[in-house]
């Protein structure tokens with residue numbers, strides 16, 4: 001197998017693994033399930049990933065990186081910190097019964113039992129906090145936000161977003177997407193001394 005063919009096959013296996021995981025859940029996904037769905041041998045799956053735990057961790061990272069690529073597009077843009085903050089808050093809120101959020105929630109849960117997945121989950125999770133901290137710090141520096149502790153504010157805002165997004169993604173009709181977005185805006189506004197309407 002050429003290096004390019006191996007890379008293409010790896011990408012295809014990761015995409016297939018994500019589909020299987022969304023359908024079966026991380027705990028119930030077997031390497032045999034991924035191999036069957038991809039139309040390849042189980043030996044090829046082990047060739048690329050060595051263990052089931054590595055397959056699950058890399059598939060979770062692959063799915064999460066799609067979200068992080070959208071986050072990077074926001075944080076690397078030339079937009080003002082307030083505009084970046086608005087976009088991050090919208091980006092974080094799940095749309096309907098989000099496949100992306102299903103993977104995150106399942107990943108957090110399975111991380112309690114799988115050290116390799118916990119390392120990946122922690123690294124990716126911290127990226128959100130770090131990027132939000134940077135946006136807040138930039139807003140403080142230009143005088144748009146008033147916040148003595150950007151890192152602490154980022155953690156508190158993220159904690160509210162995580163909790164509400166889990167409810168929205170898992171429990172149908174417990175809260176609405178509109179309520180979720182409104183409460184997140186209110187939390188961010190309080191942390192950064194803004195009028196909530198500035199985050200609409």
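Which length gain, in nm to one decimal place, applies between residue 176 and residue 47 when the Cα-Cα distance is subtracted from 0.36 nm times their residue separation?
Length gained between residue 176 and residue 47: 42.0 nm.
Taking the highest mean first, how do the peptides 127-133, 194-200 order by number of other beta carbon atoms within 10 angstrom per residue? Write down the numbers at each step before the final one.
Details: 127-133: 18.6, 194-200: 13.4.
Taking the mean over residues of other Cβ atoms within 10 Å, the ranking is 127-133, 194-200.
Relative to the present Cα-Cα distance, how much length would full extension add between residue 119 and residue 159 at 0.36 nm per residue of separation? Could you put the intermediate results ahead of the total?
On the way: separation 40, 0.36 × 40 = 14.40 nm, distance 1.90 nm.
Contour length minus Cα-Cα distance gives 12.5 nm.
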>> Could you check the spin-label model distance between residue 36 and residue 83? Points 7 Å from the Cα along Cα→Cβ, value in nm.
In response: 5.0
> At what distance in angstrom do the alpha carbon centres of the range 8-45 and the range 137-175 lie from each other?
Replying inline: 34
> For helix 3-24, what angle does its Cα long axis make with the longest principal axis of the chain, in degrees from 0 to 90 and rounded to 10?
Replying inline: 70
> Extension gain residue 19-residue 200, at 0.36 nm per residue separation less the Cα-Cα distance, in nm?
Replying inline: 61.8 nm
> Roughly what angle does helix 115-141 make with the longest principal axis of the chain, taking Cα atoms, 0 to 90 degrees, to the nearest 10?
Replying inline: 20
> Do the sum for the chain: with -39,500 (n - 2.57) for every DSSP H run of n ≥ 4, divided by all residues, what is the mean residue ellipticity at 222 nm, to the nearest 500 deg cm²/dmol?
Replying inline: -25500 deg cm²/dmol
> How big is the range 69-200 in terms of Cα radius of gyration and Dmax, in angstroms?
Replying inline: 14.9, 44
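Can you give the FRET efficiency for residue 69 and residue 12, using 1/(1 + (r/R0)^6), R0 = 22 Å, r = Cβ-Cβ distance, to the nearest 0.05? All intermediate terms of the calculation are to be shown ahead of the outcome.
Working: r = 19 Å, r/R0 = 0.84.
My answer for the efficiency is 0.75.
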>> Quick check: the angle from helix 99-111's long axis to the longest principal axis of the chain, C-alpha only, nearest 10 degrees?
In response: 80
> Which residue, 25, 152, 39, tops the fluctuation ranking in a GNM of the chain built on C-alpha contacts under 10 Å?
Replying inline: 39
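No lab work stands behind these numbers, since they all come straight from the coordinates. Note that the structure is predicted; figures quoted are calculated from it, not measured. Positions of Cβ are backbone-derived with ideal geometry, glycine not excepted, and every protein chain shown enters the neighbour counts.
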